[in-house]
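Please treat every number below as a calculation from the coordinates, not as lab data. Owing to the predicted nature of the structure, the values given are computational and were not obtained by experimental measurement. Positions of Cβ are generated from backbone atoms using ideal geometry, with glycine treated the same way; all protein chains shown enter the neighbour counts.
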Amino acid sequence: MEYLQELNPQQKKAVLEEHKLICVIAGPGCGKTKTLISRVIHLLAAKKIESRQILVLTFAKKAIKEIKKRIYPYIDPTQKSELNIYNFHSFCYALLSKHVYLLGFPENKFPVYDRHDQENIIKKIIYELNYSAEKKEISTILSLISKWKNNFGVDPLDLTEVDRPRYQIYQEYQKYLQENQALDFNDLLIYTIKLFHLHPEIKKEYQKQFLHVLVDEFQDVNDIQWEIVQQLTSKKQNLFLVGDPNQAIYGFQGASPHLISSLAENKEWTVVYLNINYRSTNNILSLANSFVKKNNGLLIKNLLVPTKEEGAKITQFSYFPLKLIIRRLRLLLTREKLQFSDIAFLYRNNYLSMRIEQELISQKIPYEILGAFKFIERGEIKDVLAFLRTILYQDNLSLLRVLSLMEGIGARTIEKIEVNSQKQGTSIYQYLNNYQNIINLSSGDNEKDDTEIQQLKLSPKQTAKICEFVLKINNFKNALNQRKPLTPFISEILEAFAYWKHLETKTNNPREREKNIQQFLNVTQTWEKRRRTIDNNLTEILSAFLQYFLIAFEDKKLIKTRNNLILSSIHQAKGLEFEIVFFVYLDEGTLPYKENKDLTEEKRLFYVGITRAKRLLFLISSKKDSCSSFLEEIDKEFIQMRLENQR
C-alpha cells in the first residue's frame with residue numbers, strides 16, 4: 001500500500017474510513033485532492049472495486065487531469081476509458097447524450113449554448129422587445145437567469161419592479177432555447193434531474209453502476225448539483241465529500257455553503273478534519289487563524305497547523321503607490337531568487353487589474369491575467385464551432401452566425417430572412433431548405449411570391465448565394481452518415497464555405513487567426529487518436545467531439561509555463577498558490593464589496609486571498625483613509641506596518 005505511506009494520520013483516516021457517508025473538511029494547503037485521489041486508489045487497489053463503479057465529480061479541469069494521472073498506474077490499461085471522472089456539467093452532458101431523446105430531443109442531439117451564445121440571444125431579445133440595456137445589464141440578466149434556474153424557477157409575484165422586465169426576457173430566452181432544441185449549461189443539470197424524475201429506471205441504472213460517489217470542492221455545490229448527487233445515490237451506496245466551508249466563495253453562482261456545514265453537524269455522517277498545512281509559513285497561517293477566530297461566520301473547528309518555518313511577518317501598507325510596489329517587487333526577485341511567475345497580484349474584482357496592467361506595461365514587466373481569456377471565446381473558434389453545429393444541429397443561433405460570414409449576404413438580408421421564418425413558424429434552416437420557396441423569392445409567380453420579394457428584395461446573385469449555401473449545408477449534413485476522420489472533414493467545411501478567404505479579406509491579424517484554427521484542428525486530431533473513433537459515423541464522432549471541446553475549454557485558463565507575473569481575481573486564484581502575494585485594493589467598499597449583501601462570503605474571499613501565499617504576503621490598501629475593515633480583524637502581532645515612503 002505505497003499510496004498510504006505519503007499520507008499523514010488525518011489523511012489516512014479519511015482514506016481508510018469504512019463508513020458509507022464521509023465528509024472531509026479540508027483547509028487550504030492541507031492535501032485535499034491528494035486525499036481524494038488516495039481514496040479512489042484505495043477503492044481500486046485494496047477494495048477491488050471496478051473503475052466503472054466509481055464516480056468522481058469535481059469542478060476544476062486541472063483536478064480531473066491530476067486525478068486521472070495518479071490513478072492510471074493502479075488500474076488495467078484497458079479500463080482507463082471506464083474511469084468516470086467529470087465535472088458536473090460534463091457528467092450531465094455525457095448522460096443526456098445517451099438519454100435525452102426520452103425528453104423529446106431528436107436522436108440525442110442538442111446544441112449547448114455557452115456564455116457568448118447566451119449574450120447574443122439576450123441582445124437579440126432586448127432588440128426585439130425594444131428594451132434599453134448596457135453590457136452590465138446583460139451580465140445582470142444572465143446572472144439572474146442562472147439564479148432562477150438553479151433555484152428551480154421563480155414566483156413572478158416575488159419579483160421586484162426592476163426584475164419584471166428581466167423576467168420577460170428570461171421567458172423569451174427559454175422560448176428561444178426550446179424552439180432550437182438547445183440547452184445552456186444550467187439546463188444540463190436541470191434536464192438531468194428531469195430525466196431522473198420522469199424515468200426512474202434510468203436513475204436506478206446509474207445507482208446500480210456507481211457503488212462509490214466522490215465529490216470534490218463540495219462547498220461550491222449548489223442545490224441542483226446536490227440534488228443530482230442525491231439522485232445518484234441510495235442507501236446501498238457510499239458517498240465521500242471533500243470541501244472547506246471557509247473557502248465557499250461562489251454564492252453569486254448559486255453555491256450553497258450551508259450544505260457542507262450542515263453535514264458536518266449531522267450524526268449520520270463521519271466527519272474527518274484535515275488541518276495540517278503544507279503550503280504557508282507559520283506567520284501567514286497564524287494571521288489566517290486569527291481572522292477566523294474573530295468571525296462567527298467562519299468555521300473555527302479547523303484552524304490550520306503549520307509544518308513550515310515561522311517566516312517573515314506580513315507586511316501591511318495603508319497606502320502604497322503602484323510604482324513603489326513594482327520597485328519592491330524587483331528587489332524581491334533578486335533577494336529571494338524568484339521568477340515573475342512566483343508572484344501574484346490578487347484583487348476582489350476583475351476591473352481592478354487595469355491600473356496594475358498599465359504600470360506593468362510601462363515598466364516592461366511580462367504578465368498574464370488568469371481567466372481573462374478563453375480559447376473557446378476567440379471569434380474564429382466561435383466561427384468554426386458555428387459551422388459544425390449548423391451541420392449537426394441546424395439551430396438558428398449557429399446558422400445565423402455562419403450566414404453572416406457569407407460574402408454577398410448582408411445583415412439586413414439575414415434579418416429579413418429571420419423575420420420571414422418566424423412569420424411562417426419554421427426554423428431558419430427549414431425556411432431556407434424549402435427549395436421552391438427559394439425559387440419563389442426571385443420568380444414572383446403569384447401575389448404571395450411578390451410579397452416575399454418585396455420583403456426580402458433579394459437580387460438574383462443573392463438568391464444564387466443562398467441556394468448554394470443551403471446546398472453545401474445539406475451535402476455536409478448527408479455526409480455525417482459516413483465513417484471517416486473528423487479533422488479532414490472540418491477542413492473540407494472551411495474550404496467549401498471559403499472561410500480562409502474570409503479571414504484573409506475581412507479580419508484583422510488573419511495569420512494569427514489561422515494559427516488558432518490550426519491549433520483547433522490539432523486538438524481535434526489528438527482527440528481522435530485517443531478516442532479511436534474509426535468505427536463510428538461522423539454524426540456520433542462530431543457530437544462526441546463538441547461535447548468534449550465545449551466542456552474542456554470552458555474551464556478557467558490555467559497558468560502558463562512561461563515566466564509571467566500573475567494578475568488574478570480571488571475567484572480565479574482559488575486552488576492556486578504563489579511564493580509571494582501582493583493582496584491589493586484592500587479598501588472598504590472594494591473588499592468587502594459594497595454590492596455584496598453577504599458579508600460572510602466577503603470574509604471567506606479575504607481568507608482565500610491570504611492563504612494563497614507560501615512565503616511572503618503583502619496587504620495593500622489604495623486609499624489612506626478607508627482601509628478594509630477586515631484589516632482590523634487580524635492580530636497585529638503578525639503584521640509589520642509600513643508607510644508609503646518606507647522601503
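Extension gain, GLN171-GLN253: 0.36 nm per intervening residue step, less the Cα-Cα distance, totals 27.5 nm.
In the stretch 505-519, which residues have a backbone nitrogen under 19 Å from the label point lying 7 Å from ARG562's Cα in the Cα-to-Cβ direction? Under 19 Å, as judged by backbone N against the label point of ARG562, lie 509-519 of the stretch 505-519. Note on LYS461/ARG327: beta-carbon distance plugged into 1/(1 + (r/R0)^6) with R0 of 56 Å gives a FRET efficiency of 0.30. Summarising the amide proton neighbourhood of LEU565: residues at separation of 5 or more, or on other chains, whose placed amide H is nearer than 5 Å comprise TYR367, GLU368. Rounded to the nearest 500, the 222 nm mean residue ellipticity of the chain from helices alone is -15500 deg cm²/dmol, with -39,500 (n - 2.57) taken per DSSP H run of at least 4 residues. Taking only C-alpha pairs under 8 Å that are 6+ residues apart, what is the relative contact order of the stretch 112-180 in percent? Relative contact order of the stretch 112-180: 41 percent.
Projecting label points 7 angstrom from Cα along Cα→Cβ for ILE361 and GLU588 puts them 3.4 nm apart. The Cα-based radius of gyration and maximum Cα-Cα distance (Dmax) for the stretch 253-346 are 18.3, 56 Å. Principal-axis analysis of the Cα atoms of the chain puts helix 88-99 at an angle of about 40° to the longest axis. For helix 353-362, report the angle its Cα long axis makes with the longest principal axis of the Cα atoms of the chain; keep it between 0 and 90° and round to the nearest 10°. Between the helix axis and the principal axis of the chain, the angle is about 80 degrees. Peptide packing for 612-618, 82-88, 164-170 was compared via the average number of neighbouring C-beta atoms within 10 Å per residue; ordered from the highest value, the list is 612-618, 82-88, 164-170. Given axes a ≥ b ≥ c from the Cα gyration tensor, I'd like to know whether the stretch 174-293 is rounded (a/c under 1.5), prolate (a/b larger than b/c) or oblate. Judged from the Cα gyration tensor, the stretch 174-293 comes out oblate (a/c at least 1.5, b/c at or above a/b).
Label separation (LYS484 vs VAL162): 5.5 nm, computed from points 7 Å beyond Cα along the C-beta direction. Multiplying the residue separation of ASP635 and LYS65 by 0.36 nm and subtracting their alpha-carbon distance yields 201.3 nm.
According to the square roots a ≥ b ≥ c of the eigenvalues of the Cα gyration tensor, what is the shape class of the stretch 171-224, taking rounded for a/c under 1.5, prolate for a/b larger than b/c otherwise, and oblate for the remainder? Oblate, because a/c is 1.5 or more while a/b does not exceed b/c. What residues qualify as long-range amide H neighbours of GLU579, i.e. H under 5 Å apart, gap of 5 or more or another chain, H built at 1.01 Å from N? Under 5 Å from the amide H of GLU579 lie the amide H atoms of LYS614, each far enough along the sequence or on another chain. For the stretch 189-199, 3J(HN,Hα) computed residue by residue from phi via the Karplus equation (6.51, -1.76, 1.60; θ = phi - 60°) reads 6, 5, 6, 5, 5, 4, 4, 5, 6, 7, 9 Hz, glycine and proline entered as x. Using a cutoff of 8 angstrom between alpha carbon atoms and counting only pairs six or more residues apart, the relative contact order for the stretch 1-102 works out to 25 percent. Each Cα pair under 8 Å and six or more residues apart adds its sequence gap; the mean of these over the residue count of the chain is a relative contact order of 20 percent. Principal-axis analysis of the Cα atoms of the chain puts helix 460-479 at an angle of about 60° to the longest axis. Annotation for TYR131 and ASP76: the two label points, set 7 Å from Cα along the Cα-Cβ direction, are 5.6 nm apart. Across the stretch 148-159, rounded Karplus estimates of 3J(HN,Hα) from the backbone phi angles (6.51 cos²θ - 1.76 cosθ + 1.60, θ = phi - 60°) give 5, 5, 5, 9, 6, x, 8, 7, x, 5, 8, 6 Hz, Gly and Pro being marked x. Panel order for THR160, THR539, by other beta carbons found within 10 Å of each beta carbon, from fewest to most: THR160, THR539.
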